[in-house]
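Remarks on the structure that follows.
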Amino acid sequence: MKSPELDALSRAADEAPPALRQQNRAAAFLRQCLALTEMEMRKLRHDPTELATRALQPMLWLAVFGEVFSRVRAIPTGSSMRYLDFLAPGVLAQSVLFIGIFYGIAVIWERDLGIVHKLLVSPAPRVALVFGKALSGGVRGLSQGVAVYALAWLLGVAINWRAGMLAGVALAILLGAATFSTLSLIIACIVRTRERFMGIGQVLTMPLFFASNAIYPIAIMPGWLKVIAWLNPLTYEVDAMRAMMIRGGKTIFGLGMDFAILALSVLVLAGLAGKLYPNLAK
Amino acid sequence: MNILETQALTRRYGDLTAVDGVNLSVAAGEIFGLLGPNGAGKTTVIKMLTTLLPPTSGRATVAGFDVQRQPARVREAIGYVPQLVSVDGTLTGYENLLIFAKLYGVPRSERESRIAAALEFVGLEDAAERMVRGYSGGMMRRLEIALAMLHRPQVLFLDEPTVGLDPLARQTVWQHVKSLAGEFQMTVFLTTHFMEEADHLCGRVAIMNLGRVSALGRPQDLKASIGKPEATLDEVFAHFTGHELESGGDFREISRTRRSIARRG
């Protein structure tokens, strides 16, 4: 038996004028992408403990590292900003980085089962699957945002509560998490085993975090490190967050530049991940 | 017209030729079995037919579409139950079906009725709201079958559908596979290393050994062809391949199979 719906659908797609066909394809792409994100959200709803434990690390950074270094005044923030205010967006970006960069573990788990195979045999384009995974990472990142904002507020950080600024930070979280979870997916596609993945994940997080403006300004870095920091997407995520999360916060590169670079990172990495994703089922 | 055809389908991994010039044709509505020990190349054939793995040479068409040139069209026309567990244990049975209905573009107006019908078909209505983690191996397999039929595929691929199941659960799966071909007129392409399964289910079987098809035909004809109509398929297998059928496979494969059996409970 032929499937009448699929037949009708593919007939409609074949006969539709090009503009409409593209619209249908775009709608299907979005639906497939959101289906994977919904899958992630439903999982998190069943078992939110992981999100809670993930929120512990940024809390320690802010409450211990932040409080101490605020008193030492060892790190010049480059403006009149208090160090804790300077640090809060950096810690938020860091926790989003951590959640993203280890997302590949879940993908390897799906590969050890047959879930990746099942996804790859569905009609969804590979890139739609990758974007779905990236957005899932973003949703996890947003939960970190809530935790860090709550703690920052308790510690008296000068949070900018304007709705537009909150929305901007949410977008930066989504893009940042998408960037690093897609990078993580790429690594998972290459190494394919949990053991190798953990090694590489740990090796990567250190330079990504320390060669960025998360806990100190780029201005105090030696020249070679500055270059790495400029190439690091985390730098632009932090820069955007610092300008929008904190009252009186300023961007160094400009919000347009920050968001453009983050969006570009997601696109480039997703394109690459779309090519590599099928390797997981071979 | 044949709904599935392969011509000299070949896959090499470095020096190893996993699938070596396989020619098959399957008619619409058939239950076709690929029979052979672990490592014979059965899963590699299925991976090529489901577009997961590109052939090294040769070609294959499924539902009239070339697996290499029109992979997206092939994927729309097929359902697939991998050998490994392919349902998510951290979701409920209903949620597993819902996500795949969305992924496959089952129209919104039909989603709930299709999911309900699929659950009823495999007898999981009462377990639908439970987490899949708590399902038995047989229930998971049934859920996987429900998932694969949700979008009414023309061809359904089942890779070792009853490996690791107890005899009772195996019977249930067989019954479902038969109804898929009967009631829903799907073509079923399955791999197995259980002779009994091939004998019980398949209209025709291809016996595969070391990447090649060594015999092809209806089970009763194969038995007759070795001059013993009352022979078992095991004897047929030994006759055509020159050795007994036993579950071989390397360390990695065995540990994988056992792991997935353990997971299914």
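The values are calculated or read from the model by the stated rules, or taken from the named source; none is laboratory data. Treat the numbers as computed from the prediction; the structure is a model and nothing was measured. All Cβ positions, glycine included, derive from the backbone under ideal geometry; neighbour counts span all protein chains shown.
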Could you check region B:72-90 and list, in sequence order, the residues that are surrounded by 20 or more Cβ atoms within 10 Å (Cβ to Cβ) and not small (Gly, Ala, Ser)? B:74, B:75, B:76, B:78, B:80, B:81, B:82, B:83, B:84, B:85, B:87, B:88
Could you say whether any residue in region B:71-86 is at pLDDT 95 or above, of a type outside the set (S, T, N, Q), more than 23 Å from residue B:142 (Cβ to Cβ) and part of a strand (DSSP E or B)? no
What tally of residues in region A:205-224 results from selecting those that are farther than 24 Å from residue A:274 by Cα and under 18 Å from the mean Cα position of the chain (by Cα)? 8
Residue hits (region B:28-44; within 14 Å of chain A (Cβ to nearest Cβ) and under 24 Å from residue B:150 (Cα atoms)) are B:28, B:29, B:30, B:43
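Tell me, please, whether a residue that is in contact with a strand residue (DSSP E or B) (Cβ under 8 Å, 6 or more places away or on another chain) and farther than 20 Å from residue B:75 by Cα can be found in region B:101-123.
Checked against the condition, which is being in contact with a strand residue (DSSP E or B) (Cβ under 8 Å, 6 or more places away or on another chain) and farther than 20 Å from residue B:75 by Cα, region B:101-123 yields no hits at all.
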Only one of B:51, B:90 is of a type in the set (Val, Ile, Thr), in contact (Cβ under 8 Å) with a residue 12 or more places away in the chain, on the phi > 0 side of the Ramachandran plot and in a loop (DSSP other than H, G, I, E, B), namely B:51
Complete set of residues in region A:153-204 that are under 17 Å from the mean Cα position of the chain (by Cα), closer than 13 Å to residue A:243 by Cα and surrounded by 17 or more Cβ atoms within 10 Å (Cβ to Cβ): A:168, A:169, A:172
So, residue A:250, is that one outside any helix (DSSP H, G or I) and either out of contact with any Asp or Glu (no Cβ under 6 Å at 6 or more places or on another chain) or buried (at least 17 other Cβ atoms within 10 Å of the Cβ) (or both) or not? yes
Going through region B:134-156 in order, the residues found to be assigned to a helix (DSSP H, G or I), within 14 Å of another protein chain (Cβ to nearest Cβ) and among the basic types (Lys, Arg) are B:141
Say we look at region B:157-172 and pick out the residues that are within 12 Å of another protein chain (Cβ to nearest Cβ) and either part of a helix (DSSP H, G or I) or not hydrophobic (A, V, I, L, M, F, W, C) (or both); which of these is surrounded by the fewest Cβ atoms within 10 Å (Cβ to Cβ)? B:160
From the list A:239, A:258, which one is without any contact (Cβ under 8 Å) to a residue 40 or more places away in the chain, acidic (Asp, Glu) and either closer than 24 Å to residue A:169 by Cα or part of a helix (DSSP H, G or I) (or both)? A:239
Taking region A:45-93, which residues are more than 20 Å from the chain's Cα centre (by Cα) and charged (D, E, K, R)? A:47, A:67, A:71, A:73, A:82, A:85
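Conditions tested, residue by residue: (1) touching a Cys at 6+ places or on another chain (Cβ under 8 Å); (2) surrounded by 15 or more Cβ atoms within 10 Å (Cβ to Cβ); (3) at pLDDT 90 or above.
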position: B:153; (1), (2), (3): no, yes, yes
position: B:183; (1), (2), (3): no, no, no
position: B:211; (1), (2), (3): no, yes, yes
position: B:222; (1), (2), (3): no, yes, no
position: B:237; (1), (2), (3): no, yes, no
position: B:261; (1), (2), (3): no, no, no
Failed condition for residue A:36, given (1) assigned to a helix (DSSP H, G or I); (2) more than 14 Å from chain B (Cβ to nearest Cβ): (2)
Quick count over region B:52-91, residues being polar (S, T, N, Q), facing chain A (nearest Cβ under 8 Å) and farther than 21 Å from residue B:180 by Cβ, is 1
Subset of region A:47-76 [surrounded by 13 or more Cβ atoms within 10 Å (Cβ to Cβ) and within 14 Å of another protein chain (Cβ to nearest Cβ)]: A:50, A:51
Of the conditions (1) outside any loop (DSSP other than H, G, I, E, B); (2) surrounded by 22 or more Cβ atoms within 10 Å (Cβ to Cβ); (3) within 11 Å of another protein chain (Cβ to nearest Cβ), the single one that residue B:97 does not satisfy is (3)
Please verify whether residue A:269 is among the aliphatic types (A, V, I, L, M), within 20 Å of residue A:91 (Cα to Cα), in a helix (DSSP H, G or I) and out of contact with any Lys or Arg (no Cβ under 9 Å at 6 or more places or on another chain), treating the condition exactly as stated. no
Please go through region A:114-131 and pick out each residue that is more than 7 Å from every other protein chain (Cβ to nearest Cβ) and among the aliphatic types (A, V, I, L, M). A:116, A:119, A:127, A:128, A:129, A:130
